[in-house]
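A short worksheet on the structure shown next.
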Amino acid sequence: MNKKDDSKMEKIVSLCKRRGFIFPGSEIYGGLANSYDYGPRGVEIKNNIKNLWWKYFVQSRDDMTGLDGGILMSPKIWEASGHAEKFKDPLVECKKCHHRFRPDKLADASKCPDCGGEFTKEKFFSGMFKTTIGPVAEEGLVSYLRPETAQTIFVNYKNVLDSMNKKMPFGIGQMGKAFRNEITTGNFIFRTLEFEQMEIEYFISPTSDWNGIFENWVDYMRGFMKIIGLDEQKMHNHEIPDEERAFYSKRTIDMEYDFPFGQDELWAIAYRTDHDLSNHQKHSGQDLRYFDQQTSEKYIPRVIEPTFGTDRTVLAVISEAYCEEDAPTADGKTETRVVLKFDKKVAPVKIAVLPLSKKDELSGVAKNIAGTLRQNWMVEYDETQSIGKRYRRQDEIGTPYCVTVDFESLEDKAVTVRDRDTMRQERVAITELPGYFNNKFTY
Ligand code: GAP
């Protein structure tokens, strides 16, 4: 397990705001607690992770297909799934400072950790956000913002089966927003009220070796770490004991990552049995059984669910990439450089184009280069401040390559390409830049 490093967390939160990754939500109105917005560079990282996830878990597998379902669904779905009754957390409130806590998450639940005050009696509190459909609230249909994306997959399972000719085993992958009225929030984007999930429901026959398939998925999920640049040593499989598992699960492993604030759940995998499909069949009155053409049997499939929090994955990727190291300055001294050593695939900006001077003769050439490279990669053009400061800025956002256009470029029609990690520089002909970067970004 890693050491708790609060100062690293503070530095990451500050860098994320300063460099346009993640902003506090509703900030100009004083903020909305535990809500965040992704800035221009944050959205790039998030999209890169989502695209890589889709490619690895959906596109590249013959047994997988995709879906993009709605956030609002019939409230009957939440009755059937058990969320209306069971998706609740215990809550206590301090009688003195009125702060609220989940007693099961406190080291000492006998008194308030903030002021030592006495707690009220434990109550249960729904984790789902209620909303009303229709123009008049009193007459409207009460529904909920989905607390997990999974149910959209379950209620569409038959549609997918019928339209896609899928045979068991097969899975449906989906990414999208989920909402939870969390009592205990915090640790930046780790636990928020609104977040994104990337989920898979993998349907198998009741007679198959569910434990073997479950274990294969755990390994396959770990394979995604390498793709997005996470160190496998920092992931720990935590088998959840019977009494702590969600109401729908027969086996759960939380895949816990060494975040700067400590080891905590990044992803998870659960064996949901036939819980969801059997309950939807019962409540909807629709036949959700699968017809096995080989055995002529009909059955409700069992389900294995690998699930990923997108925002937690973004946080893990940034934490892993964050690095402070000594670097030489132009005048021969040493300074500390902050560098985000992202895997190139997740880096928000791939190439920065930097003219040595703002003069038209250089900026014109640099803008043309940026325009060409932009057709294939996310490019930033920057001509403000000294070249040293611009390199540091690009290091701080994790740009793998900087292209510098200098006065010599006007003569030799070449530029200097600087590597983020080694800081080594090499001269490359302008006409060869697209081919040069094609070789660097081979994915
Ligand atoms: N469908 C199963 C399910 O929702 P979960 O363990 O409750 O299982 C799945 O959530 C993943 O969603 C977690 O592993 C985590 O990455 C992410 N997640 C859950 N609650 C979150 C929150 N409040 N904020 C950010 N991410 C959250």
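For region 256-311, give me each residue that is touching a residue at least 60 places away in the same chain (Cβ under 8 Å) and among the β-branched types (Val, Ile, Thr). Hits for region 256-311 are ILE300, VAL303, ILE304, THR307, THR310.
Candidates are the residues of region 111-167 that are modelled with pLDDT of 90 or more and among the aliphatic types (A, V, I, L, M); the one that is surrounded by the fewest Cβ atoms within 10 Å (Cβ to Cβ) is MET164. Among the numbered conditions (1) aromatic (Phe, Trp, Tyr); (2) within 27 Å of VAL43 (Cα to Cα); (3) in contact (Cβ under 8 Å) with a residue 24 or more places away in the chain, the only one that PHE407 does not meet is (2).
From the list GLY127, GLY140, GLY116, GLY134, exactly one residue is in contact with an Asp or Glu (Cβ under 7 Å, 6 or more places away or on another chain) and either within 23 Å of PHE195 (Cα to Cα) or away from the ligand (no atom under 16 Å from the Cβ) (or both). Which is it? Checking each option against the conditions leaves just GLY127. Across region 186-201, the qualifying residues are those that are within 9 Å of the ligand (Cβ to nearest atom) and among the aromatic types (Phe, Trp, Tyr), and the one among them that is surrounded by the most Cβ atoms within 10 Å (Cβ to Cβ) is PHE190. Looking only at region 339-382, residues that are part of a strand (DSSP E or B) and acidic (Asp, Glu) come to 1 in all.
Among residues that are farther than 30 Å from ASP219 by Cα, more than 18 Å from the chain's Cα centre (by Cα) and assigned to a loop (DSSP other than H, G, I, E, B), ASP326 is not included.
For ILE204, are the conditions met, namely being more than 16 Å from the ligand (Cβ to nearest atom), within 17 Å of THR307 (Cβ to Cβ) and in contact with a helix residue (DSSP H, G or I) (Cβ under 9 Å, 6 or more places away or on another chain)?
yes
A residue that is away from the ligand (no atom under 14 Å from the Cβ) and either over 17 Å from ILE300 (Cα atoms) or touching a residue at least 60 places away in the same chain (Cβ under 8 Å) (or both) can be found somewhere in region 169-185.
A Cβ distance below 9 Å, combined with a sequence gap of six or more or placement on separate chains, defines the contacts here; from region 135-152, residues that are at negative phi and assigned to a strand (DSSP E or B) reach residues that are within 16 Å of the ligand (Cβ to nearest atom) and among the polar types (S, T, N, Q) in the pairs TYR144/SER126. Just one residue in the set MET221, MET225 is buried (at least 17 other Cβ atoms within 10 Å of the Cβ), more than 21 Å from ILE172 (Cβ to Cβ), within 15 Å of the ligand (Cβ to nearest atom) and at pLDDT 95 or above; that residue is MET225.
Of the listed requirements (1) within 30 Å of GLY173 (Cβ to Cβ); (2) touching a strand residue (DSSP E or B) at 6+ places or on another chain (Cβ under 9 Å); (3) part of a loop (DSSP other than H, G, I, E, B), SER110 misses just one: (1). If you go through region 253-268 and keep only what is more than 9 Å from the ligand (Cβ to nearest atom) and either in a strand (DSSP E or B) or of a type in the set (A, V, I, L, M, F, W, C) (or both), you end up with ILE253, GLU256, TYR257, ASP258, PHE259, PHE261, GLY262, GLN263, ASP264. Taking region 232-252 as the range and being away from the ligand (no atom under 14 Å from the Cβ) and either of a type in the set (S, T, N, Q) or crowded, with 19+ Cβ neighbours inside 10 Å (or both) as the test, only GLN233 passes.
The values are calculated or read from the model by the stated rules, or taken from the named source; none is laboratory data. The shown structure was predicted, so the numbers you read here are calculated from the model rather than taken from an experiment. All Cβ positions, even for glycine, are placed from backbone atoms using ideal geometry, and neighbour counts span all protein chains on display.
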